[in-house]
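Engineer: Input: one structure, supplied below.
Taken together, the values in this text are just the output of simple stated rules run on the coordinates, not laboratory data. Keep in mind that this is a model prediction, so the values were computed, not measured. Positions of Cβ are backbone-derived with ideal geometry, glycine not excepted, and every protein chain shown enters the neighbour counts.
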Amino acid sequence: MKRRPRRAAAGLLDLLLVAGASLAGCGRKGPLVAPQMRAPEPVADLRAVVRDDAVALTWTVPGTRMDGSRLREVERTRLYRVEDTGAGDPRPALLDGDTVRGWTLLTTVRSTPPAVSLHGQRVAHADTRDLVPGRRYTYTVTSTDVQGRTSGPSRRVSARLVAVAEAPPDLQAAPGEGQVQLAWSPPERLRDGRRVPGPLVYEVLRASGPDAPLTAVARTPPGQTTLVDSAVENDRTYWYAVRAVRTEAETTAEGPPSARVTATPRDMTPPSAPTALVAVPSEATVRLSWRASPEADVAGYIVYRTGAASAAERVGSALAPDTTFTDRQVPPGTYRYEVSAYDAAARPNESPRSTATTVAVP
């Protein structure tokens with residue numbers, strides 16, 4: 001009686017060995033991977049904001065699978081919506097096959113093989129379908145790879161169709177060195193005619209040309225109507241606009257952008273003055289040398305001469321790194337020389353003049 005369990009255990013061991021041998025014979029290597037682990041990762045950054053009479057949705061197509069491996073191509077992404085009165089939590093988003101059960105399919109975004117892949121791309125969609133003010137609209141999105149494996153639904157995002165604020169008036173842009181100072185006035189009303197109910201947040205937008213797309217630079221704290229943009233380059237022209245952003249319950253509503261204004265920040269700091277100016281006179285000639293200004297953007301030097309009965313005049317120049325100049329055909333007399341440096345800015349900045357040196361030309 002006590003040997004039967006041993007025989008049963010031995011039989012089970014034999015079966016396991018046979019199964020293992022079969023798998024080995026099939027050439028399988030490594031651990032088994034559950035099919036759902038090869039599905040695309042769910043979209044992580046679905047966002048919904050109200051703009052005018054639409055809900056603007058954006059998301060990024062995933063670039064990895066659930067097992068962490070790279071996802072080279074997504075065949076399609078699907079955007080779903082469910083609406084309700086706003087009481088309680090929205091309907092759960094549950095995947096049933098490759099669709100979200102009980103949700104309305106709004107749009108399918110497909111890749112365009114073979115030249116275009118959606119990997120890593122940002123997708124945008126404006127939902128205008130039968131929107132009713134006050135109703136709550138909740139969204140989710142799924143991704144399907146070229147093998148037909150569908151990701152789980154993204155996190156749900158909700159929005160109500162609320163009134164946006166008018167465009168902020170009186171936008172002004174004052175360029176400085178490596179920055180642009182922006183200021184505007186707050187809008188007084190919403191697009192539906194009601195007065196703005198409280199302080200607004202503002203989003204500053206910037207473009208590289210008068211018709212180029214605007215991209216967000218920063219958002220202000222509520223009620224702040226100024227911003228300094230320091231992420232700019234000198235001698236490059238930028239176009240700016242600003243829009244008001246209001247939040248009502250769970251909804252973010254972005255108003256239309258203001259009219260564009262332009263600004264060109266520039267270098268306004270001159271180099272240091274040259275030092276140790278030396279002048280050596282000879283017949284009708286004065287040879288000058290000096291110590292270079294230390295700044296890296298020095299482009300050259302300007303030489304000034306002042307006679308006994310004349311004002312200072314520019315008599316020549318030298319390109320950096322040269323620090324010498326010969327003033328020729330100088331009439332006999334006593335002269336005072338000075339040298340300044342200028343930089344390589346689009347509108348060059350000139351330094352103060354060096355300490356003067358006086359010579360007598362025979």
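Engineer: Under a GNM of the chain (C-alpha, springs under 10 Å), which listed residue has the highest mean-square fluctuation: 150, 64, 334?
Structural biologist: Looking only at 150, 64, 334, the largest GNM fluctuation is found for 334.
Engineer: Out of the trypsin sites (Lys or Arg not before Pro) in region 174-243, which ones are loop residues according to DSSP with at most 15 other C-beta atoms within 10 Å?
Structural biologist: Here the trypsin sites (Lys or Arg not before Pro) that fit, given the DSSP loop and packing criteria, are 194, 236.
Engineer: Turning to a different aspect of this structure: Please give me, ordered by residue number, the GluC sites (Glu not before Pro) of region 125-193 that lie in loop per DSSP and have at most 15 other Cβ atoms within 10 Å.
Structural biologist: 177, 188
Engineer: Okay, next question. Taking Cα pairs under 8 Å and at least six residues apart, what relative contact order does region 35-160 come out at, in percent?
Structural biologist: Normalised by residue count, the contact order of region 35-160 is 38 percent.
Engineer: Another question about this same structure. So if R0 is 35 Å, what FRET efficiency would residue 211 and residue 317 give, r being the distance between their Cβ atoms, rounded to the nearest 0.05?
Structural biologist: Rounded to the nearest 0.05, the efficiency is 0.30.
Engineer: Report the rotationally averaged projected area of region 275-361 based on its alpha-carbon convex hull, in square nanometres.
Structural biologist: Dividing the Cα hull surface by four gives the mean projection, 5.3 nm².
Engineer: Further question on the same structure: Working from Cα positions, state the angle (0 to 90°, nearest 10) between the long axis of helix 3-25 and the longest principal axis of the chain.
Structural biologist: Helix 3-25 sits at roughly 50 degrees to that axis.
Engineer: Could you give the length gained on full extension between residue 67 and residue 355, defined as 0.36 nm per residue of separation minus the Cα-Cα distance, in nm?
Structural biologist: Result: 96.5 nm gained on full extension.
Engineer: Which residues among region 204-248 fall inside the zone where the amide N is under 19 Å from a point 7 Å beyond the Cα of residue 177, along Cα→Cβ?
Structural biologist: 228-237
Engineer: No solvent, one uniform scatterer per C-alpha: report log10 I(q)/I(0) for region 73-201 via the Debye equation at q = 0.13, 0.20 1/Å, two decimals.
Structural biologist: Each listed q maps to, in turn, -0.77, -1.09.
Engineer: Using DSSP to call loops (not H, G, I, E or B), can you name the GluC sites (Glu not before Pro) in region 246-280 whose Cβ has at most 15 other Cβ atoms within 10 angstrom?
Structural biologist: 250
Engineer: Something else about it: With each pseudo-label sitting 7 Å past Cα toward Cβ, what's the residue 47-residue 108 distance in nm, one decimal?
Structural biologist: Here the modelled spin labels are 2.8 nm apart.
Engineer: Helix-derived [θ] at 222 nm for the chain: sum -39500 (n - 2.57) over DSSP H runs of at least 4, divide by residue count, nearest 500?
Structural biologist: So the helix-based figure for the chain works out to -2000 deg cm²/dmol.
Engineer: Another one. So if I average 1/r over every pair of distinct C-alpha atoms in the chain and take the inverse, what Kirkwood radius in Å does that give?
Structural biologist: Computed over the chain, the radius equals 27.6 Å.
Engineer: So for the chain, averaging the separation of alpha carbon pairs under 8 Å that are six or more residues apart and normalising by length, what relative contact order in percent results?
Structural biologist: RCO, the chain: 13 percent.
Engineer: Provide the FRET efficiency to the nearest 0.05 for the residue 185-residue 58 pair, computing r from the beta carbons and using R0 = 30 Å.
Structural biologist: 0.55
Engineer: Something else about it: Hey, got the Cα dimensions of region 172-263 along the principal axes, in Å, largest first?
Structural biologist: 42, 24, 22
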